[in-house]
Amino acid sequence: MLRSSTRYNAAGRFLCFAALAVVALMMFSNVAHAQEAAPPAEKLSGGELIWFMIKSLGIVFGPLLLAISVAMMALVVLLFLDLRMSSAIPAGFVDEFTDTVNKRKFKEAFDMARNDPSFLGQILTAGMSRLQYGLEDAREAAMNTLESIKSDKEQKNNYNAVIATVGPMLGLVGTVYGMIESFSVLAKAKGGVNPSQLADGISHALVVTLFGVAVSVPAIFFNAFYRNRITRVTMDVGHIADDLLTQMYHNSKKIGR
């Protein structure tokens, strides 16, 4: 009984595969027949294809995706300029500041940090202004300033994450709108469907989805890249600022003794 049931199951699977193969062959023959009967379509050139895609975006989704792309590029350039190592820790600043502190020129060291617009200069200025109340108080003030700078950069970088989310959502909205437009053409067709009108809705759906994903992919990359960059830069600046504050605090204590 077990062998017979196994044999029947194998025969059933074979019949199912055979039926599916027959259906696939019939569909393939019909498609091939239709392609032979239809006149050969001319392919669009590169310039014509780009212009066709721009027209397919429409007057709503085209300017909207363009504005999002420009905003993303502006954010990328702005964060690139802000998160350069020279903007965070200027070249030669640490050595010059250390030399000034070792010479007991604390007023000159404070002016040097206050006049420097870099991350390190802002953090040292906040910490040195509280150094008279103790090292721990100075460290707390410096870390608060560091967190404020980090929060400002993260807020700008979060807009890249928003763009990465909005891009596919706009593509989805464009896809739904294009499909609705295509089905409306089918619903109104009585004497036959006009292929050009039907292609307008389908092309709009596909092109908006393409551009939405094209905007989203670099936004995801830059969001991850700058998130890691912000963490690395702030950690380096925090460690250097803590070392310089500690050095200045102990040098000032030596004078008091």
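Data for the structure
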quantity: Scan of the stretch 215-236 for residues that are in contact with a Leu (Cβ under 9 Å, 6 or more places away or on another chain), aliphatic (A, V, I, L, M) and closer than 17 Å to Asp82 by Cβ, ordered by number; calculated: Ile230, Val233
quantity: Neighbours by Cβ (under 7 Å, 6+ apart or cross-chain): first from the stretch 84-106, touching a residue at least 12 places away in the same chain (Cβ under 8 Å); second open to solvent by 30 Å² or more (accessible area, probe 1.4 Å) and hydroxyl-bearing (Ser, Thr, Tyr); calculated: Phe106/Ser252
quantity: Filter result for the condition that a residue is farther than 30 Å from Arg232 by Cβ, aromatic (Phe, Trp, Tyr) and open to solvent by 30 Å² or more (accessible area, probe 1.4 Å), over Phe61, Phe52, Phe80; calculated: Phe52
quantity: Hits in the stretch 52-107 (condition: of a type in the set (Asp, Glu) and within 30 Å of Val215 (Cα to Cα)); calculated: Asp82
quantity: Qualifying residue in the stretch 170-177 (condition: of a type outside the set (Asp, Glu), without any contact (Cβ under 8 Å) to a residue 24 or more places away in the chain and open to solvent by less than 70 Å² (accessible area, probe 1.4 Å)); calculated: no
quantity: Hits in the stretch 100-110 - residues which are open to solvent by 40 Å² or more (accessible area, probe 1.4 Å) and under 21 Å from His239 (Cα atoms); calculated: Asn102, Phe106, Phe110
quantity: Of all residues in the stretch 129-143 being open to solvent by less than 40 Å² (accessible area, probe 1.4 Å) and within 34 Å of the chain's Cα centre (by Cα), the one that is nearest to Met248 (Cα to Cα); calculated: Ala142
quantity: Residue ranges of helices (runs of 4 or more DSSP H) in the stretch 18-135 with at least 1 members modelled with pLDDT under 75; calculated: 46-82
quantity: Conditions (1) modelled with pLDDT of 85 or more; (2) open to solvent by less than 40 Å² (accessible area, probe 1.4 Å); (3) touching an Asp or Glu at 6+ places or on another chain (Cβ under 9 Å): number failed by Gly167; calculated: (3)
quantity: Matching option when the condition is hydroxyl-bearing (Ser, Thr, Tyr) and open to solvent by less than 70 Å² (accessible area, probe 1.4 Å), among Ser69, Ser148; calculated: Ser69
quantity: Check on Ile240, more than 16 Å from the chain's Cα centre (by Cα), over 30 Å from Ser56 (Cα atoms) and surrounded by 14 or more Cβ atoms within 10 Å (Cβ to Cβ); calculated: yes
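The values are calculated or read from the model by the stated rules, or taken from the named source; none is laboratory data. It should be emphasised that the depicted structure is a prediction, and the values quoted were computed from it without experimental measurement. With ideal geometry, Cβ positions are generated from the backbone for all residues, glycine too; neighbour counts draw on all protein chains shown. For accessibility, only protein heavy atoms count, side chains too; no ligands or nucleic acids. Shrake-Rupley method; radii C 1.70, N 1.55, O 1.52, S 1.80 Å.
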